[in-house]
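Worksheet: the structure to be examined is printed underneath.
The values are calculated or read from the model by the stated rules, or taken from the named source; none is laboratory data. Predicted, not measured: the structure shown is a model, and the values here were computed from it. Every residue, glycine among them, receives a Cβ derived from its backbone with ideal geometry; neighbour counts consider all protein chains shown. Each accessible area value is taken on the protein alone, full model and side chains, heavy atoms only, with ligands, DNA and RNA left out. Shrake-Rupley method; radii C 1.70, N 1.55, O 1.52, S 1.80 Å.
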Amino acid sequence: MEKTKLGISVGLLGAILYILGLINFLGLIVVAGYILLCESNVWLRKAAVKAVVIYVVFYLVSILLGMIGDIFGFFNVFLGWFTAFRLDFPLNIDSLINYIVSFVRSALYLILAFTALHQGTVSMGKLDETIDKNI
């Protein structure tokens, strides 16, 4: 089993990387930066980029959902000048979508962490192709 410069296995460091995606963004960035700067294992370097990109994509989805709520808020202020009518998400579906996005992100990171222990990965189509092209 291949070891990293830290003395732990490559798979374990990959699993730690994905678990940090669940716990703490700063920790994820620090470990991914270390991997990209100091480690030479290609699978581990791809895993570092994949973990950061997944975090950023899910963060952007959360921002977009928040922006939709802000648009409703803007129109509610504007409509409040003339009428008592309010626009809003029906049945608080925005909260439901946020919970679903959070669950999918957590499940994906956990699956990736368990597959990383054996230096495996979950195929993600275009994301993997883009990472392969650039690493």
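Of note, residue 60 does not satisfy the criterion of being open to solvent by 50 Å² or more (accessible area, probe 1.4 Å), under 21 Å from residue 1 (Cα atoms) and among the hydrophobic types (A, V, I, L, M, F, W, C). In the range 101-126, the residues that are in contact (Cβ under 8 Å) with a residue 12 or more places away in the chain form Cβ pairs under 7 Å with partners that are among the aromatic types (Phe, Trp, Tyr), at six or more places apart or across chains, as follows: 101/58; 105/58; 109/18; 112/18; 113/18; 116/18; 119/43. Beta carbons closer than 7 Å, at least 6 apart along the sequence or on distinct chains, pair a first residue in the range 59-82 that is of a type in the set (Ser, Thr, Tyr) with a second that is open to solvent by less than 90 Å² (accessible area, probe 1.4 Å) for 62/98; 62/101.
Do we find a residue being open to solvent by 80 Å² or more (accessible area, probe 1.4 Å) and over 30 Å from residue 19 (Cβ atoms) anywhere in the range 103-114? No, there is no match, as no residue in the range 103-114 is open to solvent by 80 Å² or more (accessible area, probe 1.4 Å) and over 30 Å from residue 19 (Cβ atoms). For the range 66-82, does any single residue satisfy the condition of being open to solvent by less than 60 Å² (accessible area, probe 1.4 Å) and within 30 Å of residue 9 (Cβ to Cβ)? No - not one qualifying residue is present in the range 66-82.
Evaluate the range 83-103: report whether one residue or more is under 11 Å from the mean Cα position of the chain (by Cα) and of a type in the set (Val, Ile, Thr). Yes, there is a match, as at least one residue in the range 83-103 is under 11 Å from the mean Cα position of the chain (by Cα) and of a type in the set (Val, Ile, Thr).
Among the residues of the range 76-87, is any of a type in the set (Lys, Arg) and at pLDDT below 85? Within the range 76-87 (the criterion being of a type in the set (Lys, Arg) and at pLDDT below 85), the answer is yes, since at least one residue qualifies. If you go through the range 8-54 one residue at a time, how many are surrounded by fewer than 20 Cβ atoms within 10 Å (Cβ to Cβ), touching a residue at least 12 places away in the same chain (Cβ under 8 Å), within 21 Å of residue 132 (Cα to Cα) and among the aromatic types (Phe, Trp, Tyr)? Going through the range 8-54 one residue at a time, the tally reaches 1.
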